[in-house]
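Chemist: Mind looking over this structure? Questions follow.
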Amino acid sequence: MAPSPAPGTIARFVRPDRLAQRLADMATIGATEKGGVNRPALSVEDGKARALLTGWALARGFSVETDGIGNLYVRRPGTDPSAAPVMTGSHLDSQPTGGRYDGVYGVLAGFEVLEALEDAGIATRHPVELVAWTNEEGSRFQPYCMGSALFAGKMDLEMVLACTDPKGIRVKDALAETLALAPPMPVRPFGGAAAAYVEAHIEQGPRLEAEGKTIGVVQGIQGSRWFQVEVTGQEAHAGTTPHGARKDAFQAALRMVTALNELMHDPDDIIRCTFGRFEVLPGSPNTVPGKVIFTIDFRHPDAGVVKEEKGDAITPLLQSLAAPCAVMVRETSTTAPVDFAPAVVEAVRDAAALLGYPHRDMPSGANHDAKFMAPRCPTGMIFIPCKDGISHNEVEYASPADCHAGAAVLAETLVRLAGA
């Protein structure tokens, strides 16, 4: 067996120019006028992005597989055929007005590590495997993080395949069309052993930039609960129907949102509560709204707050405010807070220190696929700054230098975990 490389060796083979070009090439797929991307999960654009990554992988001699939900696995073999892979990755899908770094940076930073390992000729005992997870964002199909949740055994495949987008298209049908855009590849079962999982990502917040830090050593991810609320009233003429006789779904929904804001008031500004989708039907200016559909995204790092203290109060509060309308509250996703494995957190911290990058420990306010991997194997994350903390936005930006730094820290971390 070849001797282990000296610390810092693999980082010298991580090429900032190649990584920047890969990011630029991927950003042409679903490109928007403002410089972002619109690459919904299981869309034509998503399929083209998968095909591009697959082509790069096959050209470097890596093996590529998929599974029943379209997760894409790119593997560089290790010296021990029985060893479980050390995994890294993120997602290729975006928000409708998304940026060119959210998710895809973690995929391409991981691919850059595979290329750097090849260029350096470093043999690892464990295979190193890159994964592009299906539908992390949840913007087209809910629930979010379908790919990683199915891998981790936290969702049912038939339930997921039956989910529909706002146009009524099923995941099952969209998946078949998406997979047809990439070259044929072997299909493997869900799950399987994993030695570790490390995900690189832009911070999606302002702390690293504000403090002049290059690397965020992520210690865990806060818990979240998602709800879809449907308020049903009665459509009526806006000019002739007295207010006392109306069943105005919008006014009922407005009372609910006001009360939820009061429930979620937090002097420490730790709670996050967002109403990201709000549909008023029929949408006519001279008709009393007969239906309102809106979503709630509630997050907090404390499990007690996520459940009993705040989360469990949501449904009864909305029900108490519905009259004279009716309300149906459906919880679409629930995830508890997770803490990352100390050994992986330490490996990331050590890699950042070794390479001389200013760093800090921090939690993740956003959900990531790493949240579903944490119960399966030792897991961690690496954050890099994004300009002004802006994400889920077409102007989202991460500098080439910071992208390179994150990939270099990822490379050192994976080599340590994979036993080179």
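The values are calculated or read from the model by the stated rules, or taken from the named source; none is laboratory data. Since we're looking at a predicted model, the values are computed, not measured. Because the Cβ atoms are built from the backbone with ideal geometry, glycine has one as well, and the counts that use them run over all protein chains shown.
Chemist: Just one of the numbered conditions (1) in contact with a Pro (Cβ under 6 Å, 6 or more places away or on another chain); (2) surrounded by fewer than 18 Cβ atoms within 10 Å (Cβ to Cβ) is not true of residue 254; which one?
Modeler: (1)
Chemist: Let me ask you something else. Would you mind telling me which numbered condition in (1) in contact (Cβ under 8 Å) with a residue 12 or more places away in the chain; (2) more than 21 Å from the chain's Cα centre (by Cα); (3) under 30 Å from residue 81 (Cβ atoms) residue 200 fails?
Modeler: Condition not satisfied by residue 200: (2).
Chemist: Turning to a different aspect of this structure: What about residue 362, is it within 18 Å of the chain's Cα centre (by Cα), crowded, with 24+ Cβ neighbours inside 10 Å and in the same structural domain as residue 139 (by TED's automatic domain parsing)? Don't jump to the end; show me each part of the working.
Modeler: Numbers: within 18 Å of the chain's Cα centre (by Cα): yes; crowded, with 24+ Cβ neighbours inside 10 Å: no; in the same structural domain as residue 139 (by TED's automatic domain parsing): yes.
No: the conditions fail for residue 362.
Chemist: For segment 263-314, what are the residues that are of a type in the set (Ser, Thr, Tyr) and either farther than 21 Å from residue 139 by Cα or out of contact with any Ser or Thr (no Cβ under 9 Å at 6 or more places or on another chain) (or both)? Please lay out each step first, then the result.
Modeler: Let us first name the residues in segment 263-314 that are of a type in the set (Ser, Thr, Tyr), namely 274, 284, 287, 295.
If the condition is that a residue be of a type in the set (Ser, Thr, Tyr) and either farther than 21 Å from residue 139 by Cα or out of contact with any Ser or Thr (no Cβ under 9 Å at 6 or more places or on another chain) (or both), then 284, 287 are the ones that fit.
Chemist: Within segment 105-117, is even one residue part of a strand (DSSP E or B), assigned by TED's automatic domain parsing to the domain that holds residue 194 and more than 18 Å from residue 191 (Cα to Cα)?
Modeler: First, the residues of segment 105-117 that are part of a strand (DSSP E or B): none.
No; the residues of segment 105-117 include none that is part of a strand (DSSP E or B), assigned by TED's automatic domain parsing to the domain that holds residue 194 and more than 18 Å from residue 191 (Cα to Cα).
Chemist: Out of everything in segment 219-235 that is of a type in the set (Gly, Ala, Ser) and assigned to a strand (DSSP E or B), what residue ends up being modelled with the highest pLDDT? Spell out the reasoning first.
Modeler: To start, the set of residues in segment 219-235 that are of a type in the set (Gly, Ala, Ser) comprises 220, 223-224, 233.
Then drop every residue that is not assigned to a strand (DSSP E or B), which leaves 220, 223-224.
On the way: 220: 95, 223: 92, 224: 91.
The selected residue is 220.
Chemist: For the list (1) within 28 Å of residue 273 (Cα to Cα); (2) in a helix (DSSP H, G or I), I need the number of the one condition that residue 403 fails.
Modeler: For residue 403, the exception is condition (1).
Chemist: Are any of the residues in segment 146-158 crowded, with 22+ Cβ neighbours inside 10 Å, at pLDDT 95 or above, among the polar types (S, T, N, Q) and under 24 Å from residue 95 (Cβ atoms)?
Modeler: Yes, segment 146-158 contains at least one residue that is crowded, with 22+ Cβ neighbours inside 10 Å, at pLDDT 95 or above, among the polar types (S, T, N, Q) and under 24 Å from residue 95 (Cβ atoms).
Chemist: Right, something else. Answer yes or no as to whether residue 257 is touching a residue at least 60 places away in the same chain (Cβ under 8 Å) and of a type in the set (Val, Ile, Thr).
Modeler: Details: touching a residue at least 60 places away in the same chain (Cβ under 8 Å): no; of a type in the set (Val, Ile, Thr): yes.
So residue 257 does not fit the description; no.
Chemist: If the requirement is being hydrophobic (A, V, I, L, M, F, W, C) and assigned to a helix (DSSP H, G or I), which of these qualifies: 411, 366? I'd like the intermediate steps shown before the answer.
Modeler: Numbers: 366 fails: assigned to a helix (DSSP H, G or I).
Only one candidate qualifies: 411.
Chemist: Are there strands (runs of 3 or more DSSP E) fully within segment 1-104 with at least 2 residues that are modelled with pLDDT under 95 and either crowded, with 16+ Cβ neighbours inside 10 Å or not assigned by TED's automatic domain parsing to the domain that holds residue 140 (or both)? List them.
Modeler: Those strands (runs of 3 or more DSSP E) do not exist here; none qualify.
Chemist: With buried (at least 16 other Cβ atoms within 10 Å of the Cβ) and under 30 Å from residue 230 (Cβ atoms) as the only criterion, which of 377, 325, 386 stands out?
Modeler: Values: 377 fails: under 30 Å from residue 230 (Cβ atoms); 386 fails: under 30 Å from residue 230 (Cβ atoms).
After applying the criteria, what remains is 325.
Chemist: Pick out the one residue from 297, 339 that is farther than 15 Å from residue 220 by Cβ, of a type in the set (Asp, Glu) and in contact with a strand residue (DSSP E or B) (Cβ under 8 Å, 6 or more places away or on another chain).
Modeler: Result: 297 is the single residue among 297, 339 that is farther than 15 Å from residue 220 by Cβ, of a type in the set (Asp, Glu) and in contact with a strand residue (DSSP E or B) (Cβ under 8 Å, 6 or more places away or on another chain).
Chemist: On to the next question. Closer than 30 Å to residue 357 by Cβ and surrounded by 17 or more Cβ atoms within 10 Å (Cβ to Cβ): is that true of residue 199 in this structure?
Modeler: Numbers: closer than 30 Å to residue 357 by Cβ: yes; surrounded by 17 or more Cβ atoms within 10 Å (Cβ to Cβ): yes.
Taking the combined requirement at face value, the residue satisfies it.
Chemist: Look through segment 166-196, keep the residues that are closer than 16 Å to residue 67 by Cβ and either free of Cβ contacts under 8 Å to residues at least 40 places away in the same chain or polar (S, T, N, Q) (or both), and return whichever of them is surrounded by the most Cβ atoms within 10 Å (Cβ to Cβ).
Modeler: 178
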